[in-house]
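Encoded as structure tokens, the structure appears first; notes follow it.
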Amino acid sequence: MHVAFAQKTGPWLQFSPPAGQANGKHIVLIGGDEAYRSEESLPMLAKILSERHGFRTTVLFSINPETQFVDPNYHQNIPGLEFLAAADLMIIATRFRELPDDQMEHIHRYLVAGKPVIGLRTATHAFYYKRDPNNKYAKYGFRSTTEGWEGGFGKRILGENWVNHHGANAKEGTRALISGLEVADANPILKGINDIWTTTEVYGIKSLPANSKILLWGQGTEGLTATSPAIWTKTIMPLAWTRTYLSESGRVGRVFTTTTGAAIDFISEDLRRLVVNASYWAVGLEKNIPEKSNVDYVGTYEPTMFGMEGFKKGKKPVDFK
């Protein structure tokens, strides 16, 4: 049974490792997207990271301040970002957020410190300063033209921002093609990774920084089943990569990004394993990555199909525990 670790209570979830199994690292997982059900996937990943791998975890949600319900359509409130101050890793799966300054300040300070980041799916366009384009944090928005921050958080930190749906949304899936070069180089993140197919389609990638290592390529499939044939008439796109970013303080932070990662995608055991392995790597524990990381669910996991407006209404964070 999971017991929240000793912190103030609020509209978030927290999980502690079993007694004697803590690895000393704290991961903050940040959800808030309208389509891909990060409010479902991140608690599931947090429980696996805590129960199976010794990480202390905190899961944050987009909360409607009037109802106190989890509401991915409310773009301006993610309580609990202050936990980033003592975090060792940020896993982010937001889309088009425009947070108040007092909340965004915590993300800003985290990145200035050069701490590691894992970006999932819509994190390439995690922020969008549409209401206040002159905000001091507008450089994080995916349409940023600020010098040095062109393309915002996605481009500057992860390596790419939103480009397009390379595949047909909700009609094509994605088969992951594992980079043989990275396997030959014994990339620890790829330990135990053999078979990833996802229901979401391939995202377009225009360019990646020179220091990027592509671990997986995405091949579109003709249909939404794992046995759907590959679409050979479409090019492949980078699906998962690592890089480092140079922070404004001169520190270097590790980054892992994958453009897959809807809640329903994580039915794939090896996709769960990929994120778990990347978490070890991001915090400098790559030597501790098991040959085949245990990614069995903790409890049940019945993800909702992706799509706009399809999130479960009237739920509080505790309902996703």
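The values are calculated or read from the model by the stated rules, or taken from the named source; none is laboratory data. Since the structure is predicted, the reported quantities are computational estimates derived from the model, not experimental observations. Don't worry about glycine lacking a Cβ; one is built from the backbone with ideal geometry, like all the others, and counts go over all protein chains shown. In case anyone asks, the SASA skips ligands and DNA or RNA and just uses the protein heavy atoms, side chains included. Shrake-Rupley method; radii C 1.70, N 1.55, O 1.52, S 1.80 Å.
Here are the numbers for this structure:
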{"item": "Which listed residue is surrounded by 14 or more Cβ atoms within 10 Å (Cβ to Cβ), at pLDDT 95 or above, out of contact with any helix residue (DSSP H, G or I) (no Cβ under 6 Å at 6 or more places or on another chain) and not aliphatic (A, V, I, L, M), from Asp270, Asp319", "result": "Asp270"}
{"item": "Selection count, segment 63-87, where residues are of a type in the set (D, E, K, R), closer than 30 Å to Ala282 by Cα and either in a loop (DSSP other than H, G, I, E, B) or touching a Phe, Trp or Tyr at 6+ places or on another chain (Cβ under 6 Å) (or both)", "result": "1"}
{"item": "Check on Leu224, surrounded by fewer than 22 Cβ atoms within 10 Å (Cβ to Cβ) and either at pLDDT below 95 or in contact with a helix residue (DSSP H, G or I) (Cβ under 9 Å, 6 or more places away or on another chain) (or both)", "result": "yes"}
{"item": "Flag if Ser247 is modelled with pLDDT under 95, open to solvent by less than 40 Å² (accessible area, probe 1.4 Å) and farther than 23 Å from Ile189 by Cα", "result": "no"}
{"item": "Verdict on Asn187 being under 30 Å from Arg109 (Cβ atoms) and open to solvent by 10 Å² or more (accessible area, probe 1.4 Å)", "result": "no"}
{"item": "Within segment 87-100, tally of residues that are in contact with a helix residue (DSSP H, G or I) (Cβ under 9 Å, 6 or more places away or on another chain) and open to solvent by 20 Å² or more (accessible area, probe 1.4 Å)", "result": "3"}
{"item": "Residues of segment 139-151 classified as buried (at least 21 other Cβ atoms within 10 Å of the Cβ) and either of a type in the set (Phe, Trp, Tyr) or outside any loop (DSSP other than H, G, I, E, B) (or both), total", "result": "1"}
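Every residue, every condition in (1) under 28 Å from Met305 (Cα atoms); (2) open to solvent by 10 Å² or more (accessible area, probe 1.4 Å); (3) at pLDDT below 95; (4) polar (S, T, N, Q), yes or no:
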{"site": "Phe5", "(1), (2), (3), (4)": "no, yes, yes, no"}
{"site": "Pro17", "(1), (2), (3), (4)": "no, yes, no, no"}
{"site": "Ile30", "(1), (2), (3), (4)": "yes, no, no, no"}
{"site": "Glu40", "(1), (2), (3), (4)": "yes, yes, no, no"}
{"site": "Val70", "(1), (2), (3), (4)": "yes, no, no, no"}
{"site": "Ile78", "(1), (2), (3), (4)": "yes, no, no, no"}
